[in-house]
Amino acid sequence: MSEAITGDPEIPVVVDNPDENQFEAHVDGHVAFVSYMKHGDTIIFTHTEVPKELQGRGLANVLAHAVLERARAEQWRVVARCPFISKYIERHPEYRPLVRQT
């Protein structure tokens with residue numbers, strides 16, 4: 001079962017699709033997503049993908065914000081193997097405390 005994690009009507013809804021291990025935003029018939037692996041209280045973000053048709057709309061930022069807010073709400077530790085998520089955390093230091101120290 002998917003679960004919505006954003007609700008602002010101006011921002012695409014991001015849903016968790018645990019069957020596919022990804023958070024998704026469905027926009028104009030396309031799907032942008034962040035792939036993940038879950039291990040206990042740790043979530044590993046592995047890949048962010050925005051279809052060519054949706055690029056330039058800030059959708060990757062919307063996804064990153066949504067997944068990190070979900071991680072904060074669930075008290076998950078974050079491992080950012082995805083370069084985009086890693087850079088997003090660098091640009092938004094409020095998410096640094098979520099990062100699992102290795």
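The values are calculated or read from the model by the stated rules, or taken from the named source; none is laboratory data. Predicted model only: the values in this text are computed from it and were never measured. Heads up, the Cβs are rebuilt from the backbone with ideal geometry, glycines too, and the neighbour counts pull from every protein chain shown.
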The range 90-101: number of residues that are touching a residue at least 24 places away in the same chain (Cβ under 8 Å) and of a type in the set (A, V, I, L, M) | 1
Could you tell me which residue of the range 39-48 is nearest to the chain's Cα centre (by Cα), considering only residues that are surrounded by 15 or more Cβ atoms within 10 Å (Cβ to Cβ) and farther than 14 Å from A71 by Cα?
-> T48
Considering the range 45-80, residues that are of a type in the set (V, I, T) and in contact with a Phe, Trp or Tyr (Cβ under 6 Å, 6 or more places away or on another chain), and then whichever is farthest from V13 (Cα to Cα), we arrive at T48
Would you confirm whether any residue within the range 68-90 is aromatic (F, W, Y), assigned to a strand (DSSP E or B) and modelled with pLDDT of 95 or more?
-> no
